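One structure is given here, and the rest of the page talks about it.
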Amino acid sequence: MSPRPKIALDKQTIVIAAAQLANEQGSDRVTLALLAKKLNIKPPSLYNHFNGLPGLKRELALFSLEKLYNELEAEALEKSPGEESVLAITDAYLAFARENPGLYEFALSAPDPSDEKVNHAREKIVTLVLSKIKPFHFSDVEAIHAVRGLRSLMHGFASLEQKGGFGMPFDINESYRLAVQTFFRGMKKSG
């Protein structure tokens, strides 16, 4: 048997390979054995970088949340706070879910809900959206309710689309745009 070629692996390289694996095969199919096979290494080598599968999943959650935040921020950056920037965020969110179906699942959950780094990454996303809805003049409590509602709309749509829940022959992007615009009309009335 010929020896495996030596590959210089670092944590980031492994996480990127795991993210690709998640996107190709689904988040539930990411295992140390499958990842090691993809990297052409032996599974025990991964323990040099992660505390087993839970450690890898934690890193994937962090990676996905940071990637999602960066994409949302990039789309909203050049827009004025308010409807225009929040629309850009909603479009970027759906694009992220479409382009990264497995990684998107890791953005939604983490192995340890009390993990400070993961929670900080989530809070950055919430803070970004809160900063963009300021022109609606919500109270602090109303703003959190608005962000939760917007997140529910975006996630619900992305999840239904991923599961093939939109079978009618109508433009899915138009449906999404109308749902978001309807949400904004409601926000304006209550803001």
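The values are calculated or read from the model by the stated rules, or taken from the named source; none is laboratory data. Please read all numbers here as calculations on a predicted model, not as lab measurements. Every residue, glycine as well, gets a Cβ built from its backbone with ideal geometry; the counts of neighbours run over all protein chains shown.
Residue check: residue 99 meets all listed conditions (1) over 15 Å from the mean Cα position of the chain (by Cα); (2) loosely packed, with under 15 Cβ neighbours inside 10 Å but one, namely (1).
One line per residue, one yes/no per condition, for (1) under 15 Å from residue 88 (Cα atoms); (2) in contact with a Ser or Thr (Cβ under 6 Å, 6 or more places away or on another chain); (3) of a type in the set (A, V, I, L, M):
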position: 115; (1), (2), (3): no, no, no
position: 128; (1), (2), (3): yes, no, yes
position: 133; (1), (2), (3): yes, no, yes
position: 139; (1), (2), (3): no, no, no
position: 144; (1), (2), (3): no, no, yes
position: 148; (1), (2), (3): no, no, no
position: 157; (1), (2), (3): no, no, no
position: 167; (1), (2), (3): no, no, no
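Of the residues that make up segment 110-121, is at least one of a type in the set (A, V, I, L, M), modelled with pLDDT under 90 and buried (at least 19 other Cβ atoms within 10 Å of the Cβ)? So that I can check it myself, show each step before the final result.
Of the residues in segment 110-121, the ones of a type in the set (A, V, I, L, M) are 110, 118, 121.
Adding the requirement that they be modelled with pLDDT under 90 leaves 110.
Cutting the leftovers down to buried (at least 19 other Cβ atoms within 10 Å of the Cβ) gives us 110.
So far as segment 110-121 goes, yes, one or more of its residues are of a type in the set (A, V, I, L, M), modelled with pLDDT under 90 and buried (at least 19 other Cβ atoms within 10 Å of the Cβ).
Just one residue in the set 116, 99, 66 is touching a helix residue (DSSP H, G or I) at 6+ places or on another chain (Cβ under 7 Å) and closer than 26 Å to residue 147 by Cα; that residue is 66. Hey, can you tell me all the residues within segment 40-83 that are polar (S, T, N, Q) and either assigned to a helix (DSSP H, G or I) or more than 26 Å from residue 180 (Cα to Cα) (or both)? Within segment 40-83, 40, 45, 48, 51, 64, 70 qualify. Collect the residues in segment 11-36 that are touching a residue at least 60 places away in the same chain (Cβ under 8 Å) and part of a loop (DSSP other than H, G, I, E, B), keeping them in residue-number order. The answer is 26, 30.
Screening residue 78 with (1) surrounded by fewer than 19 Cβ atoms within 10 Å (Cβ to Cβ); (2) modelled with pLDDT of 95 or more gives one miss only, at (2).
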